[in-house]
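A quick write-up on the structure given underneath.
The values are calculated or read from the model by the stated rules, or taken from the named source; none is laboratory data. This structure is a prediction, so every number in the text was calculated from the model and none was measured. Here the Cβ positions follow ideal geometry from the backbone for every residue, glycine too, while neighbour counts run over all protein chains shown.
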Number of protein chains: 2
Amino acid sequence: MAKRVSHRDSMCGVARPLDAIGDWWSLLIVRDAFDGLRRFGEFQKSLGLAKNILSARLRNLLAHGIMETVPAADGSPYQEYVLTEKGRGLFPLLVALRQWGEDFFFEPDEAHVLLVDRKNGLPVRRLELRAQDGRVVGAEDTMVRLPQASAGKGIA
Amino acid sequence: MAKRVSHRDSMCGVARPLDAIGDWWSLLIVRDAFDGLRRFGEFQKSLGLAKNILSARLRNLLAHGIMETVPAADGSPYQEYVLTEKGRGLFPLLVALRQWGEDFFFEPDEAHVLLVDRKNGLPVRRLELRAQDGRVVGAEDTMVRLPQASAGKGIA
DNA sequence: CTCAGATGGTTTTAGTTTGAAACCATCGTG
DNA sequence: CACGATGGTTTCAAACTAAAACCATCTGAG
């Protein structure tokens, strides 16, 4: 971990978060945490990964402040793992991932889980990126502006 | 690759896309592709990763239809790597990642690149998930509905 | 009290992956 | 026709992954 620092010693705004998450397993753990899973054994059963790996991933998520342990909940003497605010901030990313999956990884007629509004059970809308004036913008409508300088292009 | 199929032989709507992307390098390659990079050497210089790794990642992205090769562009005899529509579909995910990074990985006063509207240079808004009725919804306002059955909860 | 089972890990060990460096092939140019 | 630029592949040591075995703690049953 944290070995990604290839040729620049400050990582860019995309690489830095990636490094913190760690790997795909971590993201699946976070997803399960959004689902309400809290215990080591629950994550292990849900994901089916080796216990040592789960242990390492949880440790990394804790170290990066994405999850935290809370001392108890149902009286059992064990700790539970819950998302911090930083961890809950990953929700849009997971939604983006899920929607991309819906678009390109399922046949049109293939059944798949649907993210719905709790209030009325209707599917949520697609994530949309909007400009200040409210226009929906795509990749081609955006560019990056470097810190204090002026130029730059693309989404780097 | 494709060894993630832990204990279920059909992967869920989040794991399947993750498996296709492959790893973090692939996502950084995609980001660079959004920036307009097209050539093997450009990616390699930008990311500073070993050529064999870049080669493997590009192969994987091609295999999953996220990028494709086009025979030429400036007359040089080499091929170029460009995003497919599926690849361009990753834009919201990258934006989500970047915005999460902005929120939690930079000091309030720390300079960082900013994603701006090409038309007027203003920063884009935050990604927001909206319900059908237009309400902005967070993780706690949503749940998943399983394929054709009725129950299910969380964002799995 | 003691023993078995549940929970939550760590250690061990083999296999896989990574990544730096060296090597190789092709094209275009002087 | 030698040479640099480009775009890779091969080699090999080091790091990481993952399955299984092991270990520690707590709980309830007898």
Q. If B:Tyr78 passes every condition in (1) in a helix (DSSP H, G or I); (2) within 16 Å of DNA strand D (Cβ to nearest atom) but one, which one does it miss?
A. (1)
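Quick one: is B:Leu94 touching a residue at least 60 places away in the same chain (Cβ under 8 Å) and of a type in the set (A, V, I, L, M)? Quick ask: steps written out before the conclusion?
On the way: touching a residue at least 60 places away in the same chain (Cβ under 8 Å): yes; of a type in the set (A, V, I, L, M): yes.
Yes.
Given the structure, is A:Ser46 within 13 Å of another protein chain (Cβ to nearest Cβ), of a type in the set (Ser, Thr, Tyr) and surrounded by fewer than 20 Cβ atoms within 10 Å (Cβ to Cβ)? Please lay out each step first, then the result.
Details: within 13 Å of another protein chain (Cβ to nearest Cβ): yes; of a type in the set (Ser, Thr, Tyr): yes; surrounded by fewer than 20 Cβ atoms within 10 Å (Cβ to Cβ): yes.
The answer is yes for A:Ser46.
Does A:Ala56 fit the bill of being among the aliphatic types (A, V, I, L, M), without any contact (Cβ under 8 Å) to a residue 24 or more places away in the chain and part of a helix (DSSP H, G or I)?
Considered against the rule, which asks whether it is among the aliphatic types (A, V, I, L, M), without any contact (Cβ under 8 Å) to a residue 24 or more places away in the chain and part of a helix (DSSP H, G or I), A:Ala56 comes out as yes.
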Q. Looking at segment B:1-35, which of its residues are at pLDDT below 95, more than 7 Å from chain A (Cβ to nearest Cβ) and buried (at least 21 other Cβ atoms within 10 Å of the Cβ)?
A. B:Gly22
Q | Any chance B:Gly87 is closer than 30 Å to A:Arg130 by Cβ and more than 13 Å from DNA strand D (Cβ to nearest atom) | A | yes
Q. Within segment B:81-116, how many residues are more than 7 Å from chain A (Cβ to nearest Cβ) and assigned to a strand (DSSP E or B)?
A. 3
Q) What are the residues in segment A:117-138 that are closer than 18 Å to B:Arg125 by Cβ and either more than 7 Å from every other protein chain (Cβ to nearest Cβ) or in a strand (DSSP E or B) (or both), if any? A) A:Arg126, A:Glu128, A:Arg130, A:Asp133, A:Gly134, A:Arg135, A:Val136
Q: Might you check whether a residue that is at positive phi and within 14 Å of chain B (Cβ to nearest Cβ) occurs anywhere in segment A:52-72?
A: yes
Q. Restricting to segment B:29-45, what's the tally of residues that are within 22 Å of B:Arg98 (Cα to Cα), within 16 Å of DNA strand C (Cβ to nearest atom) and out of contact with any Leu (no Cβ under 6 Å at 6 or more places or on another chain)?
A. 3
Q: With the checklist (1) in contact (Cβ under 8 Å) with a residue 12 or more places away in the chain; (2) more than 15 Å from DNA strand C (Cβ to nearest atom) in hand, flag the one item B:Ala111 doesn't pass.
A: (1)
